[in-house]
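No lab work stands behind these numbers, since they all come straight from the coordinates. Keep in mind that this is a model prediction, so the values were computed, not measured. Counting neighbours? That spans all protein chains shown, and the Cβs are built from the backbone with ideal geometry, glycine included.
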């Protein structure tokens, strides 16, 4: 994360992980400071940096988890990150009126076994927009461009989406 780098906070991992029991994304940050300065000091420095950069409002403290680079959770995340799959999200408009309009989304990876691919359903454009921006972390400009094409053609795609197998499962793409 650029904000932590500018503040000269050493990090070995910054990753969003989904907590299905809470149905929310949590930010995991691994820093050697966790062991050298202690957990409390590491948390304080990271949270104050996020506040100064204006990120804190979007990522509240209860969703930030600072850990040691040697933590088993961090090791598992690092292993999983190495296994990211890039692909395309296809979106199809199934019609209907404005409130009940349905869209299906399919993640098609560029590599893998192939076979049947599950489709997600979003009802209404706002739900679709929220999913793309808040769950897939697609930039607002890319989302607007895709929604505009969806209005014109009835279908669109968003290239260069990277997901780990865990992310694909938690989003319903696997």
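Couple of notes before you dig in:
- Multiplying the residue separation of residue 61 and residue 162 by 0.36 nm and removing their Cα-Cα distance gives an extension gain of 33.8 nm.
- Length, then width, then depth: along the principal axes, the Cα atoms of the chain run 57, 36, 29 Å.
- Reported to the nearest whole Å, the Cα centre-to-centre distance from the stretch 130-171 to the stretch 73-108 is 7.
- Rounded to the nearest 10 degrees, the inclination of helix 140-153 to the longest alpha-carbon principal axis of the chain is 10 degrees.
- Fraction of antiparallel bridges per DSSP, the stretch 2-79 only, in percent to nearest 5: 65 percent
- Simple label model, 7 Å out from Cα along Cβ direction - residue 12 to residue 139, nm: 3.1 nm
- The ellipsoid that matches the Cα gyration tensor of the stretch 2-79 has semi-axes, each √(5λ) in whole angstrom, of 18, 17, 11, with the longest given first.
- Spin-label model distance (nm) - residue 40 vs residue 119, 7 Å beyond Cα toward Cβ: 5.5 nm
- Stretchable slack from residue 76 to residue 90, in nm (0.36 nm times residue separation minus alpha-carbon distance): 2.1 nm
- On Cα atoms only, tilt of 39-52 relative to the major axis of the chain in degrees: 50 degrees
- Rounded to 5, the percent of DSSP beta bridges in the chain classed as antiparallel: 85 percent
- Once the Cα atoms are used to define both axes, helix 72-81 deviates from the longest principal axis of the chain by about 40 degrees.
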